[in-house]
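Step one of this worksheet: look at the structure below.
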There are 2 protein chains.
Amino acid sequence: MIELRHLRYLVAVAEEGHVTRAAARLGIQQPPLTRQIHDLEAAVGAPLFDRTPRGVRLTEAGEAVVEAARTILDQAAALPDLAGRAARGERGRLAVGYTSSAAFHPFVVREIRAFGQAFPGVRLVLEEESTAELVRDLAGGRLDAAFLRAPPGEAADLRIDPLLEEPMAAALPAGHPLAARTEGVALEDLAGETFVLYRRLAGPGLYDAIIAACHAAGFSPMVGQEAPRMPSTLSLVAAGLGVSLTPASMRRLNVEGVTLVPLTRAHGLAAPLLLATRPQGSAAAERFRGAILAAARLET
Amino acid sequence: MIELRHLRYLVAVAEEGHVTRAAARLGIQQPPLTRQIHDLEAAVGAPLFDRTPRGVRLTEAGEAVVEAARTILDQAAALPDLAGRAARGERGRLAVGYTSSAAFHPFVVREIRAFGQAFPGVRLVLEEESTAELVRDLAGGRLDAAFLRAPPGEAADLRIDPLLEEPMAAALPAGHPLAARTEGVALEDLAGETFVLYRRLAGPGLYDAIIAACHAAGFSPMVGQEAPRMPSTLSLVAAGLGVSLTPASMRRLNVEGVTLVPLTRAHGLAAPLLLATRPQGSAAAERFRGAILAAARLET
DNA sequence: CGATCCGATATCTCGCAGGTATGGAATGAT
DNA sequence: ATCATTCCATACCTGCGAGATATCGGATCG
């Protein structure tokens, strides 16, 4: 059976051109080295050296085998490093999901990109899904981490780390009287409006937080249409079906016919950005979580 | 020190998911296998398996290492085949030279190409040189084989194998009275002409053969210009400096202003095609020689 | 709670890598 | 020629470590 020892010896003899000298370099004696070379030649079924009076010289078969042996030895020598990097999560596969509204937050896109550049060995797979789908895929192991806007119910035991609290903005149709108030509107100012909201689905989310904040502001909001995804609420606002409250970063969407105005006096209403991960996730996932949490701490 | 044994055992355990079952498959007992796996984990510096009550499962580091181990083992397993093919001359490097006139012989180009396709593992290096350079490079080991037109002197001990005897043709300037004789001209018809000939250099070549044939035809040729390379003689013919005698395959050159007419009654004059190789050349060279000689035998 | 399964640990042994001694072929100096 | 030198090959011995045997220990399950 061929062993790496044979290949190491072969390379040494090939480089020295002398069995005796190679043996000295390897820290062994010449006879055992001769025997190992013979064993290797028997194993590959062809002589690898021409014996000359002044040493040995590779045959053509020897040339070919030495070349292959070098790459094999290099790969074997790289195994500890490979294992170390895999164990430290610096390589592997990492599936990250996010809700449509998180996709517009500059923090999310910037940090995902930064992680990908810092660890090129990690193959990033990105997925935009609804909150419910994200939670399901995390539990099912199809995702390693997900950016959410609101904590799902106590569903599958996921780690939820709050990252940032983002101010909210009022989304108003272009012609709305309050749309000119670029310095901001108070939540109370929207008391008489019809609200278009992101559909409630998995657990208490932004929906409930908005209702609660309105109550705190002293009115009960009239809810009209509900939209399945955050960006579609803005389309409904543009269509004049009401006003909405969205995270301020949704400004990036730049929907025609919709003006986003900062929400002053929000009565505690803010859009949280959360990271959900599985407990004892993959090493890459742990490393990702660490990087994201650190970046979030820097951000505030 | 990591050995292939460790990798073989690792792959077996990874595939079985059981140390005990893998040991049975490997034909050894479980405790030594456990120890080898531990040794490997120590060598790579990371645990490769998670031990569960029902067996073992690869860690992420284990996944990465197993993948690398598989390719290493495959490469090692391919060594005997690799050595065998290298020894049989089915891979390696083969430098083939040819004189400019041989380059126009369809046999040469066809057989070189056929050899390259039959043995893709052999890297072919082609070189067009003068006969003297070819002989020198063969002797110096820079060439493995060369197609020549005439045997060099008893120079370096090269093996010379005659391949084909090609008829000669008379190269006449376009306006020459004999140029219209498409059925051929006899050597005697050229008795009064001035001859443009390929320069004599290394040993007796085509030059001497032509002189001898003319004498056999009953005249002594008047030699005007001499050219260093076969194709340039045709240029001199086109320039009206005389007529010439060339191998019939030079028709492929299609030089403007030159007509090649078959040489009837050549008095034994013919253009030989020879293969020169070094005795005890590389395995690839031997294989090449064998293929060329076989092809030449089929040809006649 | 015993039965069972499976990896870990402890100890022994024997095969083989490696050591020692010497042979033998080719080259070169005298 | 002959002897010295240089290297690889061969013969035989030794000691380390891969592998065998026996047993332990923890987890799961009827």
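Suppose we filter A:ARG21, A:ARG5 for residues that are within 11 Å of DNA strand C (Cβ to nearest atom) and open to solvent by 20 Å² or more (accessible area, probe 1.4 Å); which single one remains? Lay out the reasoning, then the answer.
Numbers: A:ARG21 fails: within 11 Å of DNA strand C (Cβ to nearest atom).
Going through A:ARG21, A:ARG5 in turn, the sole match is A:ARG5.
Filter the stretch B:55-76 for residues that are small (Gly, Ala, Ser), at the interface with another protein chain (Cβ under 8 Å from one of its Cβ atoms) and without any contact (Cβ under 8 Å) to a residue 40 or more places away in the chain and give the result.
Of everything in the stretch B:55-76, those that are small (Gly, Ala, Ser), at the interface with another protein chain (Cβ under 8 Å from one of its Cβ atoms) and without any contact (Cβ under 8 Å) to a residue 40 or more places away in the chain turn out to be B:ALA61, B:ALA64, B:ALA68.
Can you tell me which residues in the stretch B:34-49 are within 10 Å of DNA strand C (Cβ to nearest atom) and either at pLDDT below 90 or in contact with an Asp or Glu (Cβ under 7 Å, 6 or more places away or on another chain) (or both)?
Within the stretch B:34-49, just B:PRO47 meets the criteria.
Tell me which of these A:GLY141 doesn't satisfy, since it passes every other one: (1) in a loop (DSSP other than H, G, I, E, B); (2) under 25 Å from A:GLY257 (Cα atoms).
Every listed condition holds for A:GLY141 apart from (2).
Mind checking which residues of the stretch B:24-54 are over 23 Å from A:ARG8 (Cβ atoms), surrounded by fewer than 15 Cβ atoms within 10 Å (Cβ to Cβ), within 13 Å of chain A (Cβ to nearest Cβ) and more than 9 Å from DNA strand D (Cβ to nearest atom)?
If the condition is that a residue be over 23 Å from A:ARG8 (Cβ atoms), surrounded by fewer than 15 Cβ atoms within 10 Å (Cβ to Cβ), within 13 Å of chain A (Cβ to nearest Cβ) and more than 9 Å from DNA strand D (Cβ to nearest atom), then B:ASP50 is the only one that fits.
Determine, yes or no, whether A:ALA294 is small (Gly, Ala, Ser), open to solvent by 20 Å² or more (accessible area, probe 1.4 Å) and not assigned by TED's automatic domain parsing to the domain that holds A:LEU148. So that I can check it myself, show each step before the final result.
Numbers: small (Gly, Ala, Ser): yes; open to solvent by 20 Å² or more (accessible area, probe 1.4 Å): yes; not assigned by TED's automatic domain parsing to the domain that holds A:LEU148: no.
No: the conditions fail for A:ALA294.
Mind checking which residues of the stretch B:114-138 are open to solvent by 60 Å² or more (accessible area, probe 1.4 Å) and either more than 17 Å from B:ARG93 (Cα to Cα) or in contact with a strand residue (DSSP E or B) (Cβ under 9 Å, 6 or more places away or on another chain) (or both)?
B:ARG123, B:LEU126, B:GLU127, B:GLU128, B:GLU133, B:ARG136
Residues that are touching a Lys or Arg at 6+ places or on another chain (Cβ under 9 Å) and within 16 Å of DNA strand C (Cβ to nearest atom): does the stretch B:57-77 have at least one?
So the first thing to find is which residues in the stretch B:57-77 are touching a Lys or Arg at 6+ places or on another chain (Cβ under 9 Å), and the list is B:57, B:60-61, B:64, B:69, B:73.
Going one step further and asking which of them are within 16 Å of DNA strand C (Cβ to nearest atom), we end up with B:57, B:61.
Within the stretch B:57-77, one or more residues are touching a Lys or Arg at 6+ places or on another chain (Cβ under 9 Å) and within 16 Å of DNA strand C (Cβ to nearest atom).
Would you mention how many residues in the stretch B:213-235 are open to solvent by 80 Å² or more (accessible area, probe 1.4 Å) and touching an Asp or Glu at 6+ places or on another chain (Cβ under 9 Å)?
Result for the stretch B:213-235: 1.
Hey, does the stretch A:99-108 have a residue that's open to solvent by 10 Å² or more (accessible area, probe 1.4 Å), of a type in the set (Gly, Ala, Ser) and at pLDDT below 90?
Residues of the stretch A:99-108 that are open to solvent by 10 Å² or more (accessible area, probe 1.4 Å), as a first pass: A:103-106.
From the residues that got through so far, the ones that are of a type in the set (Gly, Ala, Ser) too are A:103.
Narrowing the set further to residues that are at pLDDT below 90 leaves A:103.
Yes, the conditions are met somewhere in the stretch A:99-108.
The values are calculated or read from the model by the stated rules, or taken from the named source; none is laboratory data. Keep in mind that this is a model prediction, so the values were computed, not measured. Methodologically, a virtual Cβ is constructed for each residue, glycine included, from the backbone with ideal geometry; neighbour enumeration extends over all protein chains shown. Only protein heavy atoms, including side chains, enter the accessible area calculation; ligands, DNA and RNA are left aside. Shrake-Rupley method; radii C 1.70, N 1.55, O 1.52, S 1.80 Å.
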